[in-house]
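Before any comments, here is the structure.
The values are calculated or read from the model by the stated rules, or taken from the named source; none is laboratory data. Since this is a predicted model, take the numbers as computed values, not measurements. Methodologically, a virtual Cβ is constructed for each residue, glycine included, from the backbone with ideal geometry; neighbour enumeration extends over all protein chains shown. Accessible surface is based on the protein model in full, side chains and every heavy atom, while ligands, DNA and RNA are left aside. Shrake-Rupley method; radii C 1.70, N 1.55, O 1.52, S 1.80 Å.
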Amino acid sequence: MAEKFDAIVVGAGPAGNAAAYTMAKAGLSVLQLERGETPGTKNVQGAILYADALERIIPDFRDDAPLERHVIEQRMWVLDEKSFIGTNYRSDAFNSDQPNRYTILRAPFDKWFSGKVKAAGGLVICETTVTDLIQEGKKVIGVRTDREGGDIYADVVILADGVNSLLAKKAGFHGELEAKNVALAVKEIHFLPEEVVQSRFNIKGNEGVVIEIAGAVTHGMVGTAFLYTNKESITLGIGCLLSDFKKAGIAPYTLLEELKAHPAIAPLIEGGEMKEYAAHLIPEGGYKAVPTLYGEGWMIAGDSAGLVNAVHREGSNLAMTSGRLAAETVIALKEMKLPCTAPHLARYKAALDDSFVMKDLRKYKELPDILHGNPHFFSVYPQLLNRAAHTMLMVDGQDKHSKEKTIRGSFVEQRSLWGLVGDAYRMWRATR
Amino acid sequence: MHIVVCIKQVPDSAQIRVHPVTNTIMRQGVPAIINPFDVFAIEEALRLKDRFGGRVTVLTMGPPQAEDALRKAIAYGADDVILLTDRAFAGADTLATSFALAQTIRKIGEEHPVDLVFTGKQTIDGDTAQVGPGIAKRLGLQLLTYVSAIDALDLQGRTITVQRRSEGGVQVIQTRLPALITMLEGSNQIRFASMDDMFRSARLTVPQWNKDRAGIEDVSKIGLKGSPTVVSKIFTPKPRAVKAQMIGADLDASGTANAILDILGSRHPRLAQELGLIAP
Amino acid sequence: MSENTAAPAKPKGKKRLELDPRLAAYKGIWVFVEMERGEVHQVSWELLGEGRKLADILNVELGAVILGAGSDELGAAARNAFAYGTDVAYVVADPILADYRNEPYTKAMTDLVNRYQPEILLLGATTLGRDLAGSVATTLLTGLTADCTELAIDPDNRGLLATRPTFGGSLLCTIQTLNYRPQMATIRPRVMAMPEATPERRGRIVSENLQMQEDDIIAKVLEFIPDDAQEQAQLAYADIIVAGGRGMGKAENFRLIWDLAAVLGAEVGGSRPVTHAGWLPADRQVGQSGKTVRPKLYIAAGISGAIQHRVGMEASDVIIAINNDPNAPIFDFATYGIVGDAVQILPVLTDALRSRLAVSRRAG
């Protein structure tokens, strides 16, 4: 006798866990299926946890979630080959009782989140791959797994199986991902003693620092790098558009090696032991690449729905929020004794549109195209900025006015004045 | 027929790395798995059950987290599991461990008499291969170590015939039940669990037995007290000084092959002579 | 609760302890001389060499336990044991002991121990030695330390300090058996050096009878299928080993390993995943949970070099590692490293070697 549930959630990442937890807590019968050996084994993220999205799901998460450091300082660095220019923002205000951003390590965090799903009454089954959706006409009525006797039925199926959702593609819910809409990111975790991390970044206790990095390290490809401080480790990563990697013929690992060797970065990770290397695809197509989000008996959430804000490097919070909203949609329909048909599940899309998820994606909807059409953002500007700073800071007998003139000259020389103005306008339009 | 399989949850030693500079081991994030040798014991027990009927009980002694290993055993198709867990067992060596497990199996047998006990050949963390023989001696079971195949089982006649690995060959041995078998690796391949068993595993509440439930009264025989051996020192091995000299980074396969043979000839002439690469 | 491996025991403070007078009567070092089908396993001579050193430190006799059926074989074994340093050979000859069986061997050994009371008992960590050691220790209710890599005597209390790898080989720990006797340990083949023989050396023979009838023994050996000489893995004593790991991709690719081994006249070994997957027989596993080897040349193809493999082979004179992951740990301790796909490189290496051998043989 095949099993039947109120809802099946495919995937145990942030979106899947948020959805499964929210529904299980509301008393629905929930089955969560994960292909990895344990929840989280297939998940890769930097990772920054945005408190707000999780707080709306588990208000007291700070009591027992495995958090590394809360972020009190954000640095933005633009690198050229030898130097960097950048800004720092650090505030003691981030040392509140309820900090808003944390660095996390995904393996322990996902284990914790999955534990919450189980404690709420959700049934979690790992090492099981969903190979197909079972459909009755257009309506999704269950899933087929790779195991003997593997058909399982449900009133609704929430797809949260990550970027490049094979299921969604197979069911025809969305097409192939385009290489220009996907970033490939690689990262490493370098272990260092806690005191070393603290002294190198001038932090105490559980304070943390985040560095966002752009510039020459991407070889002019559209992409950025990052460095996060964890309790006893440093996460370092870099990502660029898949299409650019293909065009440039550079391996992601090469970029990461160069980043590690950069004079601005090398001293920060010196003496660390590389423990974990991971590569991951990130859907960065933005608003225009978001597929249909629901249909007869199904919804799609998180990375599998392309819900990533590449500009602010946010993904997991969009994933958790979309998972929660999908779950709340199911809960509301159950309460009203309404079936999970497409017209009813439209509430999910409405809720997403009304949330920061779609509002932010809409705000930056032109950005992917602009960045893609303007590679100089990632090649010419970093060099110019660093040269400008170098010129200004060099005490060599030249007056400041002449220096400014040199700087202005070099900007215009590399990129016409109209080009500069146009860039500024486009950026302003895209990020306004 | 009732089979008890003893398993152990161990850190996956394949994922432990030594810090090249400090020469300390990095345990962080090393996942816990069922001792790989025990997986062959589970599968062999399940195969006997498939052929002859009966039940398979999987037993482990360990901390509460070891229930993950038992959950997995249920997914493979075990009928029952028992987690033997008690602070009083802490610090047990192989003798004390085999005492606790033997007592528990005796207790299990009061309800369902045990015909066969299976264990893996050894664990990958302790590598002692002593607990199996220890349990057999304490329970008076016939001991069959390094078994590669079970040729015959006669439940009426109470006999079993197995092939067991010895140094120079294979012994075909016949003995009586009840017996304890330690299973040789590579002798079978663990099954892919059915969806039903996955559900059973996910819904299972793992039964925990403490020493009282296992009928262990004499605490002088368990844990640190019951262990004749004590660890007096733990240290890291001396590191090997140099890293490998890399060969052929800019050569094709054939260039690399010849480069390595050239090096053997020039730097290791005696070895090269023995290989016949260069004339003596 | 994990076989002395999970956590170090709290330091015992003062190690000097007064042995129970009953236990203080235990004197002497014993080595079990392992015979299978009339042949003594070389590990027994290695252990006698080590036992001799310990006996000299403690100023006691070195005993050799020789169990078997044919008195000719046993006599020859005793003479060899004397040559390798034995003072007293304890011999039990009985047809029942022709084939190794756990019950009669355990009975013979425990009876001897109870009667003559040695303080230390060493056995080879072979399949036979491990089977016997575990049973004897449990029957005698004493401590047993497996797979020791170093033996020493604690000057404070004459106790045995047995050092062994633990935690998959990533740590070493020293284990003592305090208030129990005898102190038992197993040691793998090739871990201790082969001693020099002194053929004219003589010793005493003590003969005992087996207190058992065939009818008392339940287990019957129906058949013994000796390994085909060619199939039989002699890894521990091989001079050249070609070993493959998971990086070989699939079972069929091991043909490339066998091909290279054939040209080199080498033995074939493998890592744990490979024997577990059934690509190679279990007795070809090299590593902490397999065999310890120390060949002159070890070629590791598609082996990542996890610690548990490393401890079994790092004593090799020259290690050539082929792996497609430049960060594989094997490159941390190999002599020479090649980054590449072993499946592609092996056949090329085999061909290059074959043509060179042809040339040098013609020349020679």
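Some notes on this structure:
- Lone qualifier among A:188, A:258 - being modelled with pLDDT of 85 or more and open to solvent by 10 Å² or more (accessible area, probe 1.4 Å): A:258
- Scanning segment A:202-235 for residues that are in contact (Cβ under 8 Å) with a residue 12 or more places away in the chain and out of contact with any strand residue (DSSP E or B) (no Cβ under 7 Å at 6 or more places or on another chain) yields a count of 2.
- Tally, over segment A:341-361, of residues that are farther than 24 Å from residue A:101 by Cα and either in contact with a strand residue (DSSP E or B) (Cβ under 7 Å, 6 or more places away or on another chain) or aromatic (Phe, Trp, Tyr) (or both): 5
- Answer residue from segment C:137-154, given it is closer than 16 Å to residue C:107 by Cβ and of a type in the set (S, T, N, Q) and is surrounded by the most Cβ atoms within 10 Å (Cβ to Cβ) among those: C:138
- Neighbours by Cβ (under 7 Å, 6+ apart or cross-chain): first from segment A:102-123, over 21 Å from residue B:204 (Cβ atoms) and in contact (Cβ under 8 Å) with a residue 24 or more places away in the chain; second of a type in the set (Ser, Thr, Tyr) and not in a helix (DSSP H, G or I): A:103/A:228; A:103/A:229
- Selection within segment C:221-274 - β-branched (Val, Ile, Thr), surrounded by 23 or more Cβ atoms within 10 Å (Cβ to Cβ) and closer than 28 Å to residue C:194 by Cα: C:241, C:242
- Among the residues of segment C:33-52, the one identified as within 10 Å of another protein chain (Cβ to nearest Cβ) and assigned to a helix (DSSP H, G or I) is C:43.
- Residue check, residue A:238 outside any helix (DSSP H, G or I) and in contact (Cβ under 8 Å) with a residue 40 or more places away in the chain: yes
Table: residues versus (1) free of Cβ contacts under 8 Å to residues at least 24 places away in the same chain; (2) in a helix (DSSP H, G or I); (3) crowded, with 21+ Cβ neighbours inside 10 Å.
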residue	(1), (2), (3)
B:157	yes, no, no
B:160	no, no, yes
B:171	yes, no, yes
B:185	no, no, yes
B:190	no, no, no
B:199	yes, yes, no
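- Qualifying residue in segment C:181-189 (condition: more than 10 Å from chain B (Cβ to nearest Cβ) and surrounded by fewer than 19 Cβ atoms within 10 Å (Cβ to Cβ)): no
- Condition met for residue C:211 (assigned to a loop (DSSP other than H, G, I, E, B) and surrounded by 14 or more Cβ atoms within 10 Å (Cβ to Cβ)): no
- Residue within segment A:331-340 that is buried (at least 21 other Cβ atoms within 10 Å of the Cβ), in contact with a strand residue (DSSP E or B) (Cβ under 9 Å, 6 or more places away or on another chain), part of a helix (DSSP H, G or I) and assigned by TED's automatic domain parsing to the domain that holds residue A:11 present: no
- Whichever residue in segment B:204-229 is of a type in the set (D, E, K, R) and modelled with pLDDT under 95 and, among such residues, is most open to solvent (accessible area, probe 1.4 Å): B:217
- Checking each residue in segment A:202-222 for being open to solvent by 10 Å² or more (accessible area, probe 1.4 Å) and small (Gly, Ala, Ser) picks out A:205, A:214, A:216, A:220.
- Looking across segment C:319-335 at every residue that is at pLDDT below 95 and at the interface with chain B (Cβ under 8 Å from one of its Cβ atoms), the one that is surrounded by the most Cβ atoms within 10 Å (Cβ to Cβ) is identified as C:334.
- At least 1 residues being at pLDDT 95 or above, open to solvent by 30 Å² or more (accessible area, probe 1.4 Å) and within 14 Å of chain B (Cβ to nearest Cβ) is the threshold, and among the strands (runs of 3 or more DSSP E) wholly inside segment A:62-164 those reaching it are A:139-145, A:151-159.
- Taking the listed residues B:233, B:211, the one that is out of contact with any Pro (no Cβ under 7 Å at 6 or more places or on another chain) and either closer than 19 Å to residue C:298 by Cβ or within 7 Å of chain C (Cβ to nearest Cβ) (or both) is B:233, with no other qualifying.
- Segment B:243-265, subset at pLDDT below 90 and open to solvent by 80 Å² or more (accessible area, probe 1.4 Å), residue farthest from the other protein chains (Cβ to nearest Cβ): B:250
- Answer from C:338, C:303 - the residue that is at the interface with chain B (Cβ under 10 Å from one of its Cβ atoms) and buried (at least 24 other Cβ atoms within 10 Å of the Cβ): C:338
- Answer from A:293, A:255, A:268, A:307 - the residue that is under 23 Å from residue A:232 (Cα atoms) and either aliphatic (A, V, I, L, M) or in contact (Cβ under 8 Å) with a residue 12 or more places away in the chain (or both): A:268
- Considering each residue of segment B:117-133 in turn, none proves to be charged (D, E, K, R) and modelled with pLDDT of 95 or more.
- Considering the conditions (1) of a type outside the set (S, T, N, Q); (2) surrounded by fewer than 21 Cβ atoms within 10 Å (Cβ to Cβ); (3) over 17 Å from residue A:110 (Cβ atoms), residue A:35 is excluded by exactly one of them, (3).
- Of all the numbered requirements in (1) assigned to a helix (DSSP H, G or I); (2) of a type outside the set (Ser, Thr, Tyr); (3) in contact with an Asp or Glu (Cβ under 6 Å, 6 or more places away or on another chain), residue C:92 misses one, and that requirement is (1).
- Picking from residues in segment C:100-131 that are aliphatic (A, V, I, L, M) and under 24 Å from residue B:147 (Cα atoms), the one that is farthest from the other protein chains (Cβ to nearest Cβ) is C:108.
- Residues that are touching a helix residue (DSSP H, G or I) at 6+ places or on another chain (Cβ under 7 Å), within 23 Å of residue B:228 (Cα to Cα), of a type in the set (A, V, I, L, M, F, W, C) and surrounded by 21 or more Cβ atoms within 10 Å (Cβ to Cβ), drawn from segment B:112-140: B:124, B:129, B:131, B:135
- If you go through segment B:78-111 and pick out every residue that is open to solvent by less than 10 Å² (accessible area, probe 1.4 Å), part of a loop (DSSP other than H, G, I, E, B) and either of a type in the set (Asp, Glu) or away from chain C (no Cβ under 13 Å) (or both), you end up with 2.
- Residue B:145 vs. criteria touching a Cys at 6+ places or on another chain (Cβ under 6 Å) and open to solvent by less than 20 Å² (accessible area, probe 1.4 Å): no
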